[in-house]
Amino acid sequence: MSIFSKIAAGEIPSYKCAENEEFYAFLDINPLVKGHTLVIPRREMDYIFDMEDDELARFEVFAKKVAVAIKKAFPCVKVGQAVLGLEVPHAHIHLIPMQSEKDMNFANPKLNLSSEEMQAIADKIFSMYNV
Ligand code: 5GP
C-alpha cells in the first residue's frame, strides 16, 4: 500500500481539503505556497497516464472543483497544476495558487507552517469546496 493510499484510507493523518468516493485532496506536507494541495485517486496506481480515459477525466473534474475552492480560499491569479510523481509512486496532481510563475518552481524553498496553520488552510479550502 502506498503512503498516499494510507492517507486516503485515513491510516496516516493528513490535512483533508476535499473528497469523494474515488478521489481525495489534502495539503502537501512541504508546501511551495499556502494552499498547495495534492489530489489523488483512492485506487492505487503509479503513473497518471496509465489511468483509463474515463477515470482520468473524472480525476481532472474533481481536481477542477478543488482548484475552484482553492482560488476562493486563497485569492490568486490562477491555480497552477503540475504532475511530477518523481518522489511518491501514487498518481497525484499538485494544485498551487499562483501569484506568478515563480510559485510553480519546485526548486523553491518550502514553507515551514505549524500544524495549526496547516489545519486552518485545509479547513478554509474544505469549507469552500462544500458550498
Ligand atoms: P512528487 O512525487 O510529485 O515528485 O512529490 C511528492 C510530493 O508529495 C512532494 O511535494 C511532497 O512534499 C509530498 N509528500 C510526500 N510525502 C507526503 C506525506 O506523507 N504527506 C503529505 N501530505 N505530502 C507528502
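A short reminder: the numbers here are calculations on the coordinates, not readings from a lab. Computed from a predicted structure; not experimentally measured. Cβ coordinates were reconstructed from backbone atoms using ideal geometry, including for glycine residues, and neighbour counts include every protein chain displayed.
For this structure, a couple of remarks:
- The condition of being within 27 Å of V131 (Cα to Cα) and more than 11 Å from the ligand (Cβ to nearest atom) holds for only one of A107, A120, A82, that being A120.
- Taking the range 24-50 as the range and being more than 10 Å from the ligand (Cβ to nearest atom) and surrounded by 22 or more Cβ atoms within 10 Å (Cβ to Cβ) as the test, the residues that pass are Y24, A25, G35, V39, P41.
- Tabulated pairs, the range 12-32, first within 17 Å of I96 (Cα to Cα), second of a type in the set (V, I, T) and assigned to a loop (DSSP other than H, G, I, E, B), C-beta under 9 angstrom, 6+ apart or interchain: Y15/I29
- Residues of the range 9-23 satisfying the condition of being surrounded by 17 or more Cβ atoms within 10 Å (Cβ to Cβ) and within 11 Å of the ligand (Cβ to nearest atom): S14, Y15, K16, C17
- The strands (runs of 3 or more DSSP E) found wholly in the range 1-98 and carrying at least 1 residues that are touching a Pro at 6+ places or on another chain (Cβ under 6 Å) occupy 23-27, 78-82.
- Residues that are more than 14 Å from the ligand (Cβ to nearest atom) and not charged (D, E, K, R), drawn from the range 85-104: P97, M98, Q99, S100
- All of (1) surrounded by 14 or more Cβ atoms within 10 Å (Cβ to Cβ); (2) at negative phi hold for D53 with one exception: (1).
- Residues of the range 99-124 satisfying the condition of being among the basic types (K, R) and surrounded by 12 or more Cβ atoms within 10 Å (Cβ to Cβ): K110, K124
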